[in-house]
Amino acid sequence: MRPAVLLGLAALAFGAAALAHDAHPPRPEAAAVFPIPPPGSYRLPAIKPAARGSVLDEAGRPRDLLGDAGGITVLALIYTRCGDVCPLASADMARLQDLAATDPAVGRRMRLVTLSFDPEHDTPEVMRDFAAGWRSADPLAPPWAFLTAPGRAEIAPILAAYGQRVDGGPNGALNHVFRAFLIDSGCRVRNIYSLDFFEPALVLTDVRTLLLEESGSGEAQDR
Amino acid sequence: MPMAGIRATPLGRSTLAFGAASALLIMTGPVRPDETCQSPYMAKITGIEDFVYVWTLGVDGLGDGSDKLVTIDARETSATFGKPIHVASVGGRHEAHHGGFTDDRRQFWAAGLSDSRIFIFDVATRPATPQLVKVIDDFVERSGGAAGPHGAYALPGRMLIPSLSNRHGTGRAALVEYSNEGDYVTTHWLPTDAEPNGARIEGTADGYGYDARVLPRRNVMLTSSFTGLENYMRPLGDLMKDGEAMKRFGHTMVLWDFHARQPRTVLSVPGVPLEIRWAWGPQNTYAFTSTALTAKLWLVREDERGAWSAKPVADIGDPSTLPVPVDISLSADDRTLFVDTFMDGTTRVFDVSDPDTPRQIYEKKIGSQLNMVSQSWDGKRIYYTSSLLANWDKTGAENEQFLKAYGWNGKELAPRFAIDFTAERLGRPHMMAFGATSLYAK
């Protein structure tokens with residue numbers, strides 16, 4: 001369950017108006033537990049290739065967005081100055097990391113990646129400070145990288161490949177529709193989440209579905 | 001300064017969320033109008049609509065004779081208010097019907113029912129003058145035989161295309177997914193008695209399709225059912241004389257596990273259920289539809305045990321006169337439902353604040369024939385168009401083709417402007433969608 005205060009405020013926000021920033025923040029029932037199908041009981045067809053690209057880690061070292069091949073990646077695109085949906089999404093990522101830590105067999109085969117699309121502000125140093133507030137210290141939790149880019153020119157092709165449009169908004173805000181991506185070990189996007197469906201239990205079920213598929217024991221075979 | 005994350009305790013995370021949501025409340029401000037019948041995944045217009053895009057069937061000998069996306073100027077301060085200001089012709093006639101925006105509202109996908117082409121317009125670069133940027137012309141082949149793409153419904157990063165038919169022209173239909181880039185992803189066939197795909201079937205599963213709409217917070221999708229290409233491309237007069245053909249219409253709705261894309265229950269809704277409108281209220285777990293051949297409003301809802309059922313809750317006009325309900329539009333506060341009937345060209349307004357007992361509060365004849373209705377998020381502006389299908393529209397003097405705009409004050413409609421699509425040499429206006437320059441502000 002999401003923290004009650006968070007949910008209540010999200011509900012207030014929804015009541016105020018629809019957002020330019022995102023289609024719908026979660027309603028109070030967003031955390032209501034609808035039946036989640038068992039892992040492997042459904043298919044997650046490949047939607048498109050998952051782009052790689054050169055980014056910077058929290059120490060400012062160049063690395064590939066998806067890092068070494070292997071494992072399931074949950075990628076969230078945010079910016080740290082974001083005042084509405086991005087913190088909610090980061091809270092969901094944190095809950096996902098906590099949840100995955102309870103199942104080490106799954107947790108060690110997945111990783112979380114948060115990528116900022118605001119490189120001018122979100123320097124590696126800023127991302128390091130941001131990460132410190134979110135990342136679990138549990139050794140059983142899957143790794144969570146907080147990445148940025150050297151500049152707009154470097155981040156632009158990555159955003160284009162993921163279909164993530166970012167426009168300047170009032171007071172320095174960056175208008176965008178929040179999306180997170182489930183990426184398999186073959187670097188294919190297998191699901192795209194809005195905040196409505198970015199429920200950690202559901203995402204972890206999707207991760208398990210892909211792991212079952214990769215082990216050949218699930219019904220969920222990509223075509 | 002980056003927003004400080006609080007990891008240590010749940011209370012800490014809540015504190016962070018408080019700061020985040022407070023900022024959001026400040027940012028949001030007053031109600032921001034938008035049409036009420038679009039996908040909940042879509043970005044919203046941040047002001048009153050500037051434009052109404054009209055997906056329009058071409059008419060032989062009228063203008064260029066081609067299907068086209070027409071931009072109507074809806075800015076009341078504009079010198080061209082209430083006028084068509086741009087035409088994006090696609091070349092040829094494809095039985096233009098429905099369409100929809102992508103989730104980021106940067107593209108409008110418009111479908112053709114006859115040859116299964118899907119036309120993708122860029123509406124973000126210059127919102128007043130959409131440009132055709134891509135045509136999907138292998139829908140039947142890529143989907144594994146689905147045909148007659150009916151509309152386009154935004155999902156995160158994807159589009160859901162419900163089909164009406166298949167390569168054989170019958171009513172067996174599918175839901176087809178594409179990426180926002182226009183690449184095929186997958187196909188889900190509607191359940192049938194022979195292939196229920198795990199669904200519980202109340203009466204029969206006809207496999208027909210029409211609308212598809214999602215209620216994200218309950219992880220459910222509803223689909224409705226119409227008929228196949230062999231019927232909808234046939235002249236209506238001939239069709240109605242063919243008793244066997246008239247049996248080949250949909251009488252079902254399907255409740256799906258949306259995340260798994262698996263059908264859960266096939267509901268019996270006789271009489272061709274068409275448009276689906278989910279209630280918007282966070283406690284309102286129900287949807288309305290109307291049945292074209294039996295002229296009834298139906299309510300589909302979830303009970304306390306999580307079971308879904310459908311029941312008729314009101315007549316629309318006098319069903320014995322076959323008024324043929326077509327488009328419906330539910331207000332953002334879930335209190336008012338506009339219902340158009342094609343044959344008598346009339347719109348009826350129901351008070352649906354008690355969804356079990358809708359009560360008609362107003363009716364007005366809009367024209368000799370009537371199909372689509374779109375309303376703004378604040379419910380103050382209502383737009384109507386006239387065309388149903390090229391071969392089903394009325395003929396002669398009754399073949400009025402128009403877009404008419406009204407203001408709604410909660411009691412009656414007041415004319416704002418009207419456009420004669422025949423006089424303007426545009427064609428048969430069908431699906432409407434709103435645009436706004438402010439959505440793409442740099």
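Can you tell me which residues in region B:80-128 are within 14 Å of chain A (Cβ to nearest Cβ), of a type in the set (Val, Ile, Thr) and over 20 Å from residue B:141 (Cα atoms)?
B:102, B:123, B:125
What residue, among those in region A:161-197 that are of a type in the set (A, V, I, L, M) and farther than 15 Å from residue B:104 by Cα, is farthest from the other protein chains (Cβ to nearest Cβ)? Quick ask: steps written out before the conclusion?
We begin by selecting, within region A:161-197, every residue of a type in the set (A, V, I, L, M); these are A:161, A:166, A:173-174, A:177, A:180, A:182-183, A:189, A:192, A:195.
Okay, now just the ones that are also farther than 15 Å from residue B:104 by Cα, so A:173, A:182-183, A:189.
On the way: A:173: 7, A:182: 11, A:183: 13, A:189: 8 Å.
Result: A:183.
Could you count how many residues in region B:346-361 are out of contact with any Asp or Glu (no Cβ under 8 Å at 6 or more places or on another chain) and either crowded, with 23+ Cβ neighbours inside 10 Å or among the small types (Gly, Ala, Ser) (or both)?
Residues that pass the stated criteria total 1.
Pairs under 9 Å by beta carbon, first residue within 14 Å of chain B (Cβ to nearest Cβ) in region A:85-108, partner in a helix (DSSP H, G or I) and of a type in the set (Lys, Arg), six or more apart or different chains?
A:91/B:13; A:94/B:13; A:95/B:13
Would you check if residue B:330 is out of contact with any His (no Cβ under 7 Å at 6 or more places or on another chain), closer than 20 Å to residue B:223 by Cβ, crowded, with 20+ Cβ neighbours inside 10 Å and of a type outside the set (Val, Ile, Thr)?
Working: out of contact with any His (no Cβ under 7 Å at 6 or more places or on another chain): yes; closer than 20 Å to residue B:223 by Cβ: yes; crowded, with 20+ Cβ neighbours inside 10 Å: yes; of a type outside the set (Val, Ile, Thr): yes.
Spelling it out, residue B:330 is indeed out of contact with any His (no Cβ under 7 Å at 6 or more places or on another chain), closer than 20 Å to residue B:223 by Cβ, crowded, with 20+ Cβ neighbours inside 10 Å and of a type outside the set (Val, Ile, Thr).
Among B:264, B:277, which is within 11 Å of chain A (Cβ to nearest Cβ), more than 13 Å from residue B:226 (Cβ to Cβ) and not in a loop (DSSP other than H, G, I, E, B)? Spell out how you get there, then give the answer.
On the way: B:277 fails: within 11 Å of chain A (Cβ to nearest Cβ).
Criteria check complete, one pass: B:264.
For region B:282-345, list the strands (runs of 3 or more DSSP E) that sit wholly inside it and hold at least 3 residues that are within 28 Å of residue B:368 (Cβ to Cβ) and within 19 Å of the chain's Cα centre (by Cα); which are they? Even if it seems obvious, please write down each step before you answer.
On the way: elements: B:286-291, B:296-302, B:308-315, B:325-330, B:336-341.
In region B:282-345, B:286-291, B:296-302, B:325-330, B:336-341 are the strands (runs of 3 or more DSSP E) which contain 3 or more residues that are within 28 Å of residue B:368 (Cβ to Cβ) and within 19 Å of the chain's Cα centre (by Cα).
Kindly indicate whether residue A:145 is farther than 27 Å from residue A:38 by Cα, surrounded by 18 or more Cβ atoms within 10 Å (Cβ to Cβ) and at pLDDT below 95. Talk me through it step by step, then tell me what you get.
On the way: farther than 27 Å from residue A:38 by Cα: yes; surrounded by 18 or more Cβ atoms within 10 Å (Cβ to Cβ): yes; at pLDDT below 95: no.
No.
Looking at region B:391-442 only, could you name the residues that are within 14 Å of another protein chain (Cβ to nearest Cβ) and among the aromatic types (Phe, Trp, Tyr)? Don't jump to the end; show me each part of the working.
Looking only at region B:391-442, we keep the residues that are within 14 Å of another protein chain (Cβ to nearest Cβ), and these are B:434, B:436-442.
If the condition is that a residue be within 14 Å of another protein chain (Cβ to nearest Cβ) and among the aromatic types (Phe, Trp, Tyr), then B:434, B:440 are the ones that fit.
Could you please give the count of residues in region A:148-185 that are within 18 Å of residue A:106 (Cβ to Cβ) and without any contact (Cβ under 8 Å) to a residue 24 or more places away in the chain?
Matching residues across region A:148-185 total 0.
Which ones in region B:212-239 are touching a helix residue (DSSP H, G or I) at 6+ places or on another chain (Cβ under 9 Å), away from chain A (no Cβ under 14 Å) and in a helix (DSSP H, G or I)?
Correct list: B:230, B:231, B:232, B:238, B:239.
Which of the residues that make up region B:89-99 are crowded, with 23+ Cβ neighbours inside 10 Å and within 16 Å of residue B:133 (Cβ to Cβ)?
Result: B:99, single match.
Take the residues in region A:110-130 that are closer than 22 Å to residue A:100 by Cβ and of a type in the set (A, V, I, L, M); name whichever of them is surrounded by the fewest Cβ atoms within 10 Å (Cβ to Cβ).
So, considering only residues that are closer than 22 Å to residue A:100 by Cβ and of a type in the set (A, V, I, L, M), the one surrounded by the fewest Cβ atoms within 10 Å (Cβ to Cβ) is A:113.
Every residue in region B:179-204 that is within 14 Å of chain A (Cβ to nearest Cβ) and under 23 Å from residue B:159 (Cα atoms), please.
B:179, B:180, B:181, B:182, B:183, B:184, B:185, B:186, B:187, B:188, B:189, B:197
Can you pull out every residue in region A:168-205 that is of a type in the set (A, V, I, L, M) and either crowded, with 21+ Cβ neighbours inside 10 Å or touching a strand residue (DSSP E or B) at 6+ places or on another chain (Cβ under 8 Å) (or both)? Explain how you work it out, then say what you get.
Let us first name the residues in region A:168-205 that are of a type in the set (A, V, I, L, M), namely A:173-174, A:177, A:180, A:182-183, A:189, A:192, A:195, A:201-204.
Within region A:168-205, A:174, A:177, A:180, A:182, A:183, A:189, A:192, A:195, A:203, A:204 qualify.
The values are calculated or read from the model by the stated rules, or taken from the named source; none is laboratory data. Fair warning: this is a prediction, and the values are worked out from it, not measured in the lab. Every residue, glycine as well, gets a Cβ built from its backbone with ideal geometry; the counts of neighbours run over all protein chains shown.
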